[in-house]
Amino acid sequence: MASVLEKLKRPDDPRLLVSINTADDAGVYLLQEGLALVQTVDLLTPMVEDPYVFGRIAAANSLSDVYAMGGAPEVVLNIVGFPAPAPKDWLAEILQGGQDACNEAGAAVAGGHTFNEKEIKYGLAVTGRIDRDHIVTNAGARPGDVLVLTKPIGSGVFAQAVMTQDRVDPELYAAATESMTTLNRGAAEAMSACGASAATDITGYGLLGHAQELAQASGVGIRFRLPYIPVLPKARELSEQGMVDAGVAMNRSSFEKLVKWDSGIAEPDQNLLWESESSGGLLVALPEKCVRRYQQAADDNGIRAPVVGEVVAGESGTVEVRR
């Protein structure tokens, strides 16, 4: 995608505060002094069989881009690709799941667009509001900042298990669906209250891909500590058994040039860090003095936010993974 965007003329409207220039999670447009719009659009294909749960996951995934910027979703439009022969009850359940997630976010569903498609796809176009002085981008991380992650990784392996196994481990299923249907609202509110330097949400490019984009935009390096990165229960065991998310190859080929591994890190662990995540958490860069306050604010919202690494000086965009 970066190679494609490089061919486009960069927007020069002074009211466009955040655009494609830094591969950020959403665009931000200054509507009037003190008020800006934050906008995004996203789609997912099903990773669970329950259409209602899928609807909630896809909506949470779309809303997350606004939360990653420190914004508040206000109004959304449904976007649905749906096979004409499929039961219409499935579509109703998908839309209900999305609407319930939007209700939880305090965002109004204003309508949408549905098109005939061979494979089910669902997501949202989201418009939110944000104060110009409180925008959190992926370009503000500074050496010495500490990195926290607000959801475990492993949803890619989970999705593969759903597609290929007759029965998914109940503990994994419960943990994965709870994680993916949880809004990043509480994580964003804690971020805004604690003076975050930068943030991004972990979705299609995986933990390493999105971290690399944050590091590149900020002109810094990132160092992860592998043992501190939270993983969904049973996901590591599945990875060790050879279960590999389809996004691993794509993300590895796109970002591996700037990733440096400690010796001895096994391929199953590498794959978990490369895999695509659905409705993942926020990766937040914070001044060290703010970390405890952030974790407490997140905990008040039922969110664990372990420290997973730090921002370092060095080659722009470099990501190290240490044992």
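Hey, among Arg223, Arg252, which residue is under 17 Å from Val308 (Cβ atoms) and surrounded by 14 or more Cβ atoms within 10 Å (Cβ to Cβ)?
Answer to the selection: Arg223.
Quick grid of which residues meet (1) within 28 Å of Ala246 (Cβ to Cβ); (2) basic (Lys, Arg); (3) not assigned by TED's automatic domain parsing to the domain that holds Asp201:
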{"site": "Arg15", "(1), (2), (3)": "no, yes, yes"}
{"site": "Asp25", "(1), (2), (3)": "yes, no, yes"}
{"site": "Ala68", "(1), (2), (3)": "yes, no, yes"}
{"site": "Ala72", "(1), (2), (3)": "no, no, yes"}
{"site": "Lys88", "(1), (2), (3)": "no, yes, yes"}
{"site": "Leu91", "(1), (2), (3)": "yes, no, yes"}
{"site": "Ala101", "(1), (2), (3)": "yes, no, yes"}
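Which residues, counting only those in segment 32-71, are under 22 Å from Met191 (Cα atoms), in a loop (DSSP other than H, G, I, E, B) and not aliphatic (A, V, I, L, M)?
Once the filter is applied, which keeps residues that are under 22 Å from Met191 (Cα atoms), in a loop (DSSP other than H, G, I, E, B) and not aliphatic (A, V, I, L, M), segment 32-71 yields Gly34, Gly70, Gly71.
Return the pairs, sorted by first residue and then second, in which the second residue is among the aromatic types (Phe, Trp, Tyr), the first residue lies in segment 140-165 and is under 20 Å from Ala199 (Cα atoms), the beta carbons are less than 7 Å apart, and the residues are 6+ apart or on different chains.
Every condition considered, the pairs that remain are Val148/Tyr294.
Tell me which residues, restricted to segment 111-130, are touching a Ser or Thr at 6+ places or on another chain (Cβ under 9 Å) and more than 15 Å from Thr45 (Cβ to Cβ).
If the condition is that a residue be touching a Ser or Thr at 6+ places or on another chain (Cβ under 9 Å) and more than 15 Å from Thr45 (Cβ to Cβ), then Ala125, Val126, Thr127, Gly128 are the ones that fit.
Does Gly128 fit the bill of being touching a helix residue (DSSP H, G or I) at 6+ places or on another chain (Cβ under 8 Å), part of a strand (DSSP E or B), within 30 Å of Val311 (Cβ to Cβ) and assigned by TED's automatic domain parsing to the domain that holds Ile20?
yes
Quick check on this structure: which one of Val136, Val168 is surrounded by fewer than 24 Cβ atoms within 10 Å (Cβ to Cβ), over 13 Å from the mean Cα position of the chain (by Cα) and within 30 Å of Ser253 (Cα to Cα)?
One residue alone meets the criteria, Val168.
Would you please name the residue that is surrounded by the fewest Cβ atoms within 10 Å (Cβ to Cβ), looking only at residues in segment 89-124 that are assigned to a strand (DSSP E or B) and aromatic (Phe, Trp, Tyr)?
Checking each candidate, the answer is Phe115.
Where in segment 230-320 are there strands (runs of 3 or more DSSP E), lying fully within it, with 3 or more residues that are closer than 29 Å to Tyr122 by Cα, among the aliphatic types (A, V, I, L, M) and out of contact with any Lys or Arg (no Cβ under 6 Å at 6 or more places or on another chain)?
Fully inside segment 230-320 and qualifying: 282-286.
The values are calculated or read from the model by the stated rules, or taken from the named source; none is laboratory data. Because the structure is predicted, anything quoted here is derived from the model rather than measured. In this analysis, Cβ positions are derived from the backbone assuming ideal geometry, glycine residues included, and neighbour counts consider all displayed protein chains.
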